Amino acid sequence: MFPAPPTFEDLNVWAALPVIILSLWASVLLVADRFINNKFYVAAYSLLGVGISLVIALFQAGDLFDIGESGTAFEGMFMADQFTYVVNIVALISAAIGILISYEYLERTKLDRGEYYILLMFSAAGAMLMGSSNNLSMIFISLELLSIPLYILSGIRRPQEESEESAMKYFLLGAFSSSFLVYGIALVFGAAGSLDLGEIVVVAQTISEQEATQRYLLLIGAGLITVGLGFKVAAVPFHMWTPDVYQGAPTPVTAYMSSVAKVGGFAAFLRVLVTGLPIIAEGGDAAVWVDTLQILAALTLLLGNLVAIMQYDLKRLLAYSSIAHAGYILIALAAGGVPGVGDSAAQAALVYLAAYAFTNIGAFAVVAAIEKDDSTGTTMDDIKGLAVKRPWLAGAMSVFMFSLTGIPLTAGFIGKFWVFRAAMDAGLEPLAVLGVLTSAISAFYYVRVVWNMYFETGDAVVPERQQYLTSGLVITAAGTLILGLLPFILENLVRDASLAILR
Amino acid sequence: MELNEWAFIGAFFMLSWIFPAAPVIINKLIAPNRPTPIKRETYECGVETVGDTWVQFKVQYYLLALVFLVFDVEMVLLFPWAVAYNELGMFAFLAGGVFILLLLEGLVYAWRKGALEWT
């Protein structure tokens, strides 16, 4: 009557061990938190859970101790390969740094609720699952697991109006964009008859031979999925929520959100488009969405970088800068649709995401460090003369700004190098040129931040030095420099990441 | 898919309008109409609303509704699980157990958080 139930070996459960541990840990901590009065311990235990999960993820990535086999798990729902492992590592490191930079900020703004750390862990689990989904329904569920905690986190500073507004906007627009994604998934399912990426790709490859109904269903479905995920990664023209949400949310939340949501969103984007839907149109050999994504990337690069020039508030500036950086990753994504470049484009995107995660969390952490208790003090004027008052903080901020610009010897340069190389390999020279030009534009506003810190004098009061936040800053700054000076670390990590299965 | 297969969906769409509309219209046409004040009340049983409905509700209502959802969703999935229990084996037992534990956790959290107290 029923098929034989699977065993643990069939399911390959251990392959998903990092995400299982993380979500289990968060679940237990959620109840335990009600019995722990000192929230320092909740933060410490969360960090411990993330750490254990990270160690296992590193073992998996380094192929030590045979924790789970590579390949599919959970009857094809879950994919454990190098791509998964790298996404896991990036998401977990972001979560760990996110916890480190949050503790003192939450304490001094009277926000020390234990749920904060638990929600943060759940959303990290969502991002990890997005990187390992091999099935469209999994992608949707893990997207919600990533997003819903972030909606709550951005509104966690509750009586404050900006935070509430930010949560409301993020929630409404996020739910709206999810509906696009679901409709897209439904149409793809209608055309391909399966939600499994490995089966969809067979239909997608032979699309020009399909009947017209099926062909249009698949194309419209792919388009709607692009819109839905485009919202999540803040690609122009779906970026409208980003500045307001990033500005209104508490700064450590913004730091964490801006990197982890991008990691998860782009991981799912790559999985869906490169693995599942490389739709080959009649008479061409590149995927049909390459042109669409090129346009999105060009718009995102131009708008993000140009509008960022006019920003006075640092959080808003970094919000537009994060839109701009989505543009660079979109270049890699567009390159992923060209035959033969799929894998190297996915690797470039991973390298960029890893470099960006470190740098961007660090940049926002500096903003969190100079922000006052009433969430003012984040403007361009407030960092004037920072180099005199807090030389190390200013030094760290300079590292992050140079890395975001893409100056050599920083992680940002390595990321941009990989992305532009993938674009050249794919024959998308105009886009690569645009990327270089907009990087040059971006230098204007990033360097202005550095200029204000070192060559202007100001009398803004900066909060006391914060121990844990500083340790987070040390890790991010060191990470930014190490990844920039020793590029082979990332190269070895992503070398085996492979997404394009049929070509 | 042939195009005339879509015609079935069109037919269903039209029928879905006709079926509910027809009884209402027929009723209107042939039923005797003798209204009295009692018959014209909004609810057949129940009290008429007093005052404006746009008043503030206690937020506890929403919390209770959310906790209720825990049990409601549980029922939908656990009923078939329990009915087919003998044929499912160890794996499905564990899967169901994990599911119940997760829901239990939600309840314990809401309880400890004070969502069940009416004050």
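The values are calculated or read from the model by the stated rules, or taken from the named source; none is laboratory data. Quick caveat: nothing in here was measured; it's all calculated off a predicted structure. Here the Cβ positions follow ideal geometry from the backbone for every residue, glycine too, while neighbour counts run over all protein chains shown.
This table checks each residue for (1) surrounded by 11 or more Cβ atoms within 10 Å (Cβ to Cβ); (2) polar (S, T, N, Q); (3) in a helix (DSSP H, G or I); (4) at pLDDT 85 or above.
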{"residue": "B:LEU66", "(1), (2), (3), (4)": "yes, no, yes, no"}
{"residue": "B:VAL70", "(1), (2), (3), (4)": "yes, no, yes, no"}
{"residue": "B:GLU74", "(1), (2), (3), (4)": "yes, no, yes, no"}
{"residue": "B:PRO80", "(1), (2), (3), (4)": "no, no, yes, yes"}
{"residue": "B:GLY89", "(1), (2), (3), (4)": "yes, no, yes, no"}
{"residue": "B:ALA92", "(1), (2), (3), (4)": "yes, no, yes, no"}
{"residue": "B:ILE100", "(1), (2), (3), (4)": "yes, no, yes, yes"}
{"residue": "B:LEU103", "(1), (2), (3), (4)": "yes, no, yes, yes"}
{"residue": "B:GLY106", "(1), (2), (3), (4)": "yes, no, yes, yes"}
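To keep it simple, each residue is scored yes or no on (1) crowded, with 22+ Cβ neighbours inside 10 Å; (2) among the small types (Gly, Ala, Ser); (3) within 14 Å of another protein chain (Cβ to nearest Cβ).
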| site | (1), (2), (3) |
| --- | --- |
| A:VAL13 | no, no, yes |
| A:LEU22 | yes, no, no |
| A:LEU30 | yes, no, yes |
| A:ILE36 | no, no, yes |
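Report those helices (runs of 4 or more DSSP H) wholly inside segment A:392-486 carrying at least 2 residues which are of a type in the set (Phe, Trp, Tyr).
In segment A:392-486, the matching helices (runs of 4 or more DSSP H) lie at A:411-425, A:429-455.
Which residues, counting only those in segment A:23-33, are touching a residue at least 60 places away in the same chain (Cβ under 8 Å) and of a type outside the set (Asp, Glu)?
Answer for segment A:23-33, where residues must be touching a residue at least 60 places away in the same chain (Cβ under 8 Å) and of a type outside the set (Asp, Glu): A:SER23, A:TRP25, A:ALA26, A:LEU29, A:LEU30.
Determine whether segment B:48-57 contains at least one residue that is under 30 Å from A:GLY114 (Cα atoms) and away from every other protein chain (no Cβ under 14 Å).
Yes, the conditions are met somewhere in segment B:48-57.
Report yes if some residue within segment A:267-276 is at pLDDT 90 or above and not hydrophobic (A, V, I, L, M, F, W, C); otherwise report no.
Scanning segment A:267-276 turns up at least one residue that is at pLDDT 90 or above and not hydrophobic (A, V, I, L, M, F, W, C).
Just checking, does segment A:311-331 include any residue being under 19 Å from the mean Cα position of the chain (by Cα), of a type in the set (Lys, Arg) and under 30 Å from A:LYS110 (Cα atoms)?
Yes, segment A:311-331 contains at least one residue that is under 19 Å from the mean Cα position of the chain (by Cα), of a type in the set (Lys, Arg) and under 30 Å from A:LYS110 (Cα atoms).
Restricting the first residue to segment B:81-101 and requiring it to be more than 24 Å from A:SER27 (Cα to Cα) and within 8 Å of chain A (Cβ to nearest Cβ), which pairs with a second residue that is at pLDDT 80 or above and assigned to a helix (DSSP H, G or I) meet a Cβ separation below 9 Å and a spacing of at least six or different chains?
As it stands, the answer is B:ALA84/B:ALA92; B:LEU88/B:TRP81; B:LEU88/B:ALA95; B:LEU88/B:GLY96, since those pairs meet every condition given.
crowded, with 24+ Cβ neighbours inside 10 Å, in contact with a Leu (Cβ under 6 Å, 6 or more places away or on another chain) and under 17 Å from A:LEU333 (Cβ atoms): which single residue out of A:ALA369, A:ALA411, A:ALA423 fits that description?
Only one candidate qualifies: A:ALA423.
Could you check segment A:62-90 and list, in sequence order, the residues that are at pLDDT below 85 and of a type in the set (Ser, Thr, Tyr)? Quick ask: steps written out before the conclusion?
The initial filter retains those residues of segment A:62-90 that are at pLDDT below 85, namely A:62-76.
Once the filter is applied, which keeps residues that are at pLDDT below 85 and of a type in the set (Ser, Thr, Tyr), segment A:62-90 yields A:SER70, A:THR72.
So if I check each of A:TYR183, A:TYR216, which one is of a type in the set (Phe, Trp, Tyr) and within 14 Å of chain B (Cβ to nearest Cβ)?
Selected residue: A:TYR216, the only one of A:TYR183, A:TYR216 that is of a type in the set (Phe, Trp, Tyr) and within 14 Å of chain B (Cβ to nearest Cβ).
In segment A:137-190, what residues are surrounded by fewer than 16 Cβ atoms within 10 Å (Cβ to Cβ) and of a type in the set (Lys, Arg)?
Matches in segment A:137-190: A:ARG158 only.
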